[in-house]
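Coordinate-derived values only; no laboratory data. Just so we're clear, the structure is a prediction, and the values are computed from it rather than from any experiment. Counting neighbours? That spans all protein chains shown, and the Cβs are built from the backbone with ideal geometry, glycine included.
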């Protein structure tokens, strides 16, 4: 194929596919600078974490405190007063929270030696429990044997002639009296770094809140001055996502931590407020934090109680709280999610923990939210949204087509059932399945879909239709109940918002057949199932059955014959088939379906002798079940020849009558 034809084909395909999201496919040479930029940014984040980490914390706190400052300003407070009050209150809460937690931790550490006897007794009971071949006993013996073997290897005498074994030096620690100033310096020195970082964060947050609009304008001028609309949307979305995530996560964590503290207090766990407060903080750390918040109280219950009842009570409290939080509180409070996929949250937690340690683990989700928003609005970083985002990167029709190509009817059925939780079968076939077959037909026309792949797509599609048979029966029963209740309109029309009723299919017989390929056969099977939902008796066939078995396949009492084509340029072939069926069954309505997507419904082309021509599933079902009489068959024009003679011989000239 020439390059010119290839360009025309691609243009036609783009027109047929309609508006859809297109991801950039720049050549690898142009991606190298972007990849190098990403590596450079990671290096800067890693080696500059001493400076960048406080700034990142300050930015996220600014996002979280900005709504509070704005609310105070709306109440009439000056900007400076609103910002100072917001920051002071926020950091006072954080400092008080930290002091209370530190005090409880010191008390727990002080009381741990008192629990040593219970811990040793329980370990011994585990070792002695059960039979002599208990798991704990066997594991303990294995560990002790390995330890003895290692000790024997180290103490084994040196062979003659080898170098003598050098003795390990004995560590000697010299205690010298220290001066009070040195002692005070030793105590304050380790605290200087955190105190300086905290002061820097407070100052940065104050200035960011004071000059929030100015910083926004400077960021727009620096990054997106050429597209103010997209840059403004990106800033607003990043701020709202992060602020909403932090606020909702805080509310969810408090709804978890406060009942936890009361529950632990009720069963007798020491310092219950500590474990509730730690649960509030640790649940900000994705996946790992809740596990740590659960293990610590369980270990304390193991140490405090000589028996096992306290451990069971604590475990029951955590199970109840987890079920309540995951199934009731979080779905109720989260008006919108972070927009990140679960795998992206895990990968982001690993990445930021590697970069910035435990603090990076806490900040991983908000920072990744900002990156996902950056990828949504900046074309150069679009891969970030594709990698981290939770929104599907493929349209439903593309997703189904990919499953059809892979020959995976089970996953295709799962996707369909998710769709059918809110919509109906006719909507799924019209909006997803038929468009997916149209994508397959376009690939066939381009020559990239082999005959084996087409048969695989057909087989997977037929299996999908069969798997959805139970849902079709449920919709058919629903329609019968609706009609029995005396409602004039069927569920299908009510869903489509169509004023005209879809004809009742009971007592009618329809013959559906593919036009010229296995993909057409799959579309005919989907139409047949929709007609069955309407109560019609449907017989479907493949295109290969038309030449030899058409007379035996079409029931004599049929009301309509429908021939389906996914290639809308198949009007000539459709005309031939319609004429053939018309000559064979003049008393039956015969029509064709030249499929297009529902949102692209257009005026169908006129086919000679066709009783109807449809382009969508709804219009095809309506025409197939219509009560209109079939049109009269136009007699075929006969051709006769007349003979004429000349010097070169006799020729026959056709003459049409």
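Values for this structure:
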| quantity | calculated |
| --- | --- |
| Over region 397-624, relative contact order from alpha-carbon pairs under 8 Å, at least 6 apart, % | 18 |
| Spin-label model distance (nm) - residue 631 vs residue 346, 7 Å beyond Cα toward Cβ | 6.1 |
| Part-to-part distance (alpha-carbon centres) for region 243-291 and region 424-456, which is given in Å | 51 |
| Potential extension, residue 411-residue 203 segment - 0.36 nm per residue separation minus Cα distance | 69.5 nm |
| Potential lengthening between residue 39 and residue 455 on full extension [0.36 nm per residue; Cα-Cα distance subtracted] | 145.2 nm |
| Simple spin-label estimate for residue 422 and residue 323 in nanometres, 7 Å along Cα-Cβ | 2.9 |
| Nitroxide proxy distance, nm - points 7 Å out along Cα→Cβ at residue 299 and residue 116 | 1.7 |
| Cα radius of gyration and Dmax for region 397-624 (Å) | 16.7, 52 |
| P(r), alpha carbons of region 229-336 - 10 Å bins starting at zero, rounded % | 14, 41, 24, 12, 6, 2, 0 |
| For peptides 193-200, 514-521, 577-584, sequence by mean Cβ density within 10 Å, most packed first | 514-521, 577-584, 193-200 |
| Segment residue 481-residue 94, length gained on full extension (0.36 nm per residue, minus Cα span) | 133.2 nm |
| Burial ranking of peptide ranges 92-102, 236-246, 45-55 (average Cβ count within 10 Å, highest at the top) | 236-246, 45-55, 92-102 |
| Relative contact order (%) - criterion: Cα under 8 Å, at least six apart; region: region 229-336 | 26 |
